[in-house]
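S.K.: Sharing a structure, written as structure tokens. Questions coming.
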Amino acid sequence: MEKTNKKRLWITLLCAGALLILVTLLENVLDPSKNVMLFISLKKGAVYALVAVSMNLLNGFTGLFSLGQAGFMLLGAYTYAILTIPADQRDAVYYIYNGSAINFSLPELLGGGPVGLVLGVLLALVLGGCVAAAVAWLIGLPVLRLKSDYLAIATLGFGEIIRAVFQWDKLGPVTNGANALKNFPTFSSFNIQGGLRLSTCVAFLLAGICIAVILLLINSTYGRAFKAIRDDEVAAEAMGINLARHKRLSFCISSFFAGVGGGLFAMLVNQAQAKTFTTAMTYEILLIVVIGGIGSVSGSCIAAFLYVAASEWWLRFLDTETYIGGFKVPLLRNGFRMVVFSVIIMIVVLFFRRGIMGDRELPDLLAGLSGKTRRKEAAGK
Amino acid sequence: MSETVLKVENITMQFGGVVAVDNLNLEVNRGEIVALIGPNGAGKTTAFNVITGVYQPTNGAVWFQGEKIVENHPQGKMKALYKGEHAGEYTAVLAPTPDRVTRLGMARTFQNIRLWKSQTVFDNVLIAKHCRSTSNVFSASFRLNRKEETRQRENVEELLETVGLADVKNELATSLPYGKQRRLEIARALAAEPKLLLLDEPAAGMNPQETEELTAFIGEIRDRFQLTVFLIEHHMNLVMNISQRIYVLDFGRLIAHGTPAEIQNNKRVIDAYLGVSEDA
Amino acid sequence: MQYAISILLSGISLGGQYALIAIGYTLVYGILRLINFAHGDVFMVAGLLMVYLTSFLGGILPPAAVIPAGLLLAVVLTVVLGFVIERAAYKPLRTAPRMSVMISAIGVSYLLQNLATYATGGLPQMYPEVPGISSTVTILGVPTKVVTVVTPILVVVLVAALTQLINHTKVGMAMRAAAKDFETAQLMGIRINAVISATFVIGSFLAAVGSVLYFTNYPSIVPLSGSLPGLRAFVAAVFGGIGSIPGAVVGAFIIGISESVIKGSSWSIFSDAFTFALLIVILVAKPTGLFGEKVTDKV
């Protein structure tokens, strides 16, 4: 048991390392300006993978159906943006409110230069996660007592409330009202001038570390307790698991990583604006989780990349009117991509309810192949 | 030897106007196996739920190892509705959640088996150890509790060996035959390291041979883990063979109490079980 | 004073429109225990159907017949849509965990929104003027649209009819039985699928009527027009106690009036936030709403 676990750990680490090197190589060998879609899909896929895994921790592993993910991402994105906009850019960004109420920037505070950038960005991301987790703790106090669908609708409502609060005029000097926050460090800031391009690598590294931590949590004694709550709440409580405490823990941790994911999302799109973090975004992430398999981390990751690549890149052609010779291909026109997309999703939901991975993980699948042969041998005896 | 482990004191449980348990008093001493029997709907499981913190009683108190763990008195709407006795005697409100009761040293099984369906036999037992682990979420995630984790895993292996489930430890809990699922539920309760084990109809749905095995098994684990056992049961064979003392509940009220031999000859018990016409 | 009256009037009108949507939520939830996330979008589709049907019929029918025919067809097609959604997306999942059905509902909502975006090209569509209810009248010295007056009356009439249906017909009895205990109702020989279909038909019909009243007040309609009114109506249903029709109506009027009041104040940006804050407070303080029944879990 212990041994296979260790083996799995090594395989996972090795795969992750190989992926990171591959991505870095790709970005430096291929010309990013000619493969825009590829690199956007990769980066967005990494960010969405993290957010989807964080949602899966809550919905798939703890059995709490929450729809507040976009709200927590918003908190993370704003915290990150507010803390990292360079001081001399603040007047330009907050021009409507005659400058910002906060006049420092973490990367500069930490010495500026590459070191300051790395430390400042990391610290801002972590703080973004902490803000999201703190808010989650607060709203979790009343909301987590609710049962399945009531919890869903209450967290959905929370997302709407957060969005309204951040667009409020009176908070303008901090949040820039309904306008976007921009000019803060993004993934591209990590490209070394005239040297290595690291933007995609950084996105993968940051998302990867977070996902790894979630994986460690899921496989720890707390992760097992979460699964027990998901499977049977009454039995879990009878076996000494404090429901309120563990649900709150899962909710806060999930929100923490959603917050970090929100910060990464801001880095990805070069801006933070409240109106992007809508319920539709939560639904998008939920659908990734469902497609990947509720209760499978690797499923969420695979589904995130597939979903993003399909919607941003592979299915783009569906949105442009195409002529083959003199013949106009029917149906193709703006918006068709999303229709095809939602039909695919409905098919998955209705006919492949377990998603790509069910509740298994990639290593399980590999081990399962060898396990099957072993069981066959045993049966043969 | 006669130290009281569990003491149920004047417990009344009333749902709206319906009195499910009426002024129940009982005691279980250390090392004993005590049974609570009674016809269907007599209020046995309700009594269990009150003791384990699932329900808050309407009135009365529960003591565990000399400490008062549950107490309540009729409040609010119940004040007017209350039909039981000893209404004025209790003033405090003590309502621990079931997990707290379990951590105090009382673990239970369920009448309709409630295993964690997607987990293996091994994990089902290991999860029950969670309430005894001292690590916080941080140290557990980053494996700073490796020693404890290893020790717990060893304990679980041992426990599975003891209850005879070691050979199926990697199977899904729900793939086990019924009798083994019962056994697994008991093993899971044992993993929580209880002083008092509460079994809710452990032999329900078992054939005579399985029941016999179970009878022996309960005695075995009592000695091995120095437990006190309090059980609800329908199978008279099991109850009569195994228990030192028996409490009989009918329509929520205690109607008899004594050794198996005394209970077997008690007229009220026989009436309750066989039924008696009102004017007899 | 005039200002207050106009706010109150628009609140009542809004509340009536929400009530018609909220009933659809409450009926479905009562029987299937499902938050039909797609219901708000069905409401939006009803509005779009009206737009397209009137422009289509305008070419083949005499002008006077266009609106009534369009209205009728739009309502019929919406009802068909509701029926089809239930059969295609919810019925196959009858035995699946509740979370799956809810995800399916979200999927349908997503599909309808994307279809609408595709059909409209993402452009706002002008809602046709419905003669009779689009014109302006003056009440208590406040100029307002006729629809403001018509809505509450229509709501009362429809709710009365629905109550009669539920309390005094066979279908209604079956619906009540199914809402009380789904499985037992099935065992008692109630054709549960027919009952559920009936529920969706009624819900979609009311949503279609509601959409005519609602969109008359707005110049145009976009694919996302349904999601927020839908959510507000759902909040109203929860507020009143989900499963209870009078509850949904009362809840909807309260939500409608408070929204109108907040929109008229300097806190207008918080109108939705307020609605949801109200929802959370209610769920926490009295999860069964104003008129809901208490349920207990068995261990």
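Quick note: the coordinates plus some simple rules give every number you see, no bench work behind them. This structure is a prediction, so every number in the text was calculated from the model and none was measured. Because the Cβ atoms are built from the backbone with ideal geometry, glycine has one as well, and the counts that use them run over all protein chains shown.
S.K.: Using a cut-off of 22 Å between alpha-carbon atoms, which lysines can reach B:LYS44, once sequence neighbours fewer than 8 places away in the same chain are excluded?
M.R.: The reachable lysines, counting only those whose Cα sits under 22 Å from B:LYS44, are B:LYS7, B:LYS68, B:LYS83, B:LYS195, B:LYS267, C:LYS298.
S.K.: Express in nm, to one decimal, how much length is gained between B:ARG143 and B:GLU3 on full extension, taking 0.36 nm for each residue of separation and deducting their alpha carbon distance.
M.R.: 46.3 nm
S.K.: For a Förster distance of 56 Å, can you work out the FRET efficiency between the beta-carbons of A:ILE344 and C:MET1, rounded to the nearest 0.05? Don't skip to the end; give the middle numbers.
M.R.: Numbers: r = 56 Å, r/R0 = 1.01.
Once rounded, the FRET efficiency stands at 0.50.
S.K.: Same structure again: Distance between Cα centroids, segment A:157-215 to segment C:164-217: provide it in whole Å.
M.R.: Going from one Cα centre to the other spans 47 Å.
S.K.: Moving on. Any idea what Rg and Dmax come out to for segment C:2-285 if you just take the C-alpha atoms, in Å?
M.R.: Computed over the Cα atoms of segment C:2-285, radius of gyration and Dmax are 18.7, 59 Å.
S.K.: Still on this structure: Taking only Cα atoms, what is the 0 to 90° angle, nearest 10, from helix C:192-216's long axis to the longest principal axis of chain C?
M.R.: Once rounded, one gets 20 degrees.
S.K.: What is the angle, in °, between the Cα long axis of helix C:39-57 and the longest principal axis of the Cα atoms in chain C? Nearest 10 is fine, range 0 to 90.
M.R.: Approximately 40 degrees, to the nearest ten.
S.K.: Quick check: from the Cα gyration tensor, does chain A come out rounded (a/c under 1.5), prolate or oblate?
M.R.: In terms of gyration-tensor shape, rounded.
S.K.: Let me make sure I get this right: for segment A:15-120, a, b and c are the square roots of the gyration tensor eigenvalues over alpha carbons, sorted descending. Under 1.5 in a/c it's rounded, otherwise prolate if a/b > b/c, else oblate. Which is it?
M.R.: Here segment A:15-120 falls in the oblate category.
S.K.: Averaged over its residues, how many other protein chain Cβ atoms are within 10 Å of peptide C:96-102's Cβ atoms?
M.R.: For this peptide, the per-residue mean of nearby foreign Cβ atoms is 5.
S.K.: Next up: With the crude spin-label approximation of a point 7 Å out along Cα→Cβ, what separation in nm comes out for A:GLU321 versus B:ASN112?
M.R.: 6.1 nm
S.K.: Any idea what the dipole of segment C:214-299 comes to, in debye rounded to 20, about its Cα centre with Lys/Arg Cβ at +1 and Asp/Glu Cβ at -1?
M.R.: Using Cβ point charges on Lys, Arg, Asp and Glu, segment C:214-299 gives about 80 debye.
S.K.: Okay, moving on. Suppose every K and R has +1 on its Cβ and every D and E has -1 on its Cβ; what is the size of the dipole of segment C:2-285 about the Cα centre, in Debye to the nearest 20?
M.R.: Values: 12 positive and 7 negative charges, 109 e Å.
The calculated dipole for segment C:2-285 is roughly 520 debye.
S.K.: Find the lysine pairs in segment A:2-278 meeting two conditions, Cα atoms under 20 Å apart and a separation of 8 or more places or different chains, and report how many there are.
M.R.: 11
S.K.: Most fluctuating residue of A:GLY355, A:GLY99, A:GLY159 in a GNM of chain A with Cα springs under 10 Å: which is it?
M.R.: A:GLY99
S.K.: Enter the mean number of other protein chain beta carbons within 10 Å of the beta carbon of each residue in B:116-128, as an integer.
M.R.: Across B:116-128, the average partner-chain Cβ count within 10 Å equals 5.
S.K.: For segment B:188-269, state which chymotrypsin sites (Phe, Trp or Tyr not before Pro) are in a DSSP loop and have at most 16 other beta carbons lying within 10 Å of their beta carbon.
M.R.: Filter output for segment B:188-269: B:PHE225, B:PHE251.
S.K.: Using a Gaussian network model of chain A with C-alpha springs under 10 Å, which one of A:ALA77, A:ALA152, A:ALA49 is most mobile by mean-square fluctuation?
M.R.: In this elastic network of chain A, the residue with the biggest mean-square fluctuation among A:ALA77, A:ALA152, A:ALA49 is A:ALA152.
S.K.: Alpha carbon centre of segment B:30-59 versus segment C:254-286: separation in Å?
M.R.: The two parts, judged by their Cα centres, are 46 Å apart.
S.K.: What is the Cα centroid distance between segment A:304-340 and segment A:47-66, reported in whole angstrom?
M.R.: Using only Cα atoms to place each centre, the spacing works out to 29 Å.
S.K.: Helices from chain A with mean Kyte-Doolittle at least -1.0 and a Cα length along the axis of 30 Å or more, per DSSP H: which? Don't skip to the answer; put the middle values down first.
M.R.: Details: long enough: A:2-29 (40 Å, 0.72); A:113-143 (44 Å, 2.24); A:243-269 (38 Å, 1.07).
Span-like helices here: A:2-29, A:113-143, A:243-269.
S.K.: Then there's this: On a 0 to 90° scale, report how tilted helix C:271-285 is relative to the longest principal axis of chain C, with both axes built from alpha carbons and the result rounded to the nearest 10.
M.R.: Long axis of C:271-285 versus the principal axis of chain C: about 20 degrees.
S.K.: Give me the extension gain from C:ALA194 to C:SER135: residue separation times 0.36 nm, minus the current Cα-Cα distance, reported in nm with one decimal.
M.R.: Contour length minus Cα-Cα distance gives 17.2 nm.
S.K.: Roughly how many debye, to the nearest 20, is the charge dipole of the protein assembly as shown about its Cα centre, given +1 on each Lys and Arg Cβ, -1 on each Asp and Glu Cβ, and no other charges?
M.R.: 1340 debye
S.K.: Cut-off under 21 Å on the C-alpha distance; same-chain residues fewer than 8 positions from B:LYS180 excluded. Which lysines are left, in chain and number order?
M.R.: Counting by Cα, and skipping residues close in sequence, B:LYS180 has these lysines nearby: B:LYS117, B:LYS129, B:LYS169.
S.K.: Test of understanding: ordering B:ASP167, C:ASP41 by Cβ neighbours within 10 Å, fewest first, what list do you get?
M.R.: B:ASP167, C:ASP41
S.K.: Averaged over all directions, how much area does the convex hull of the C-alpha atoms of segment B:193-236 cover when projected, in nm²?
M.R.: The Cα convex hull of segment B:193-236, projected and averaged over all directions, gives 3.0 nm².
S.K.: Could you work out the percent of alpha carbon pairs in segment B:114-193 separated by over 17 Å, rounded to a whole number?
M.R.: 42 percent
S.K.: May I ask for the percentage of alpha-carbon pairs in the protein assembly as shown that lie more than 53 Å from each other?
M.R.: 26 percent
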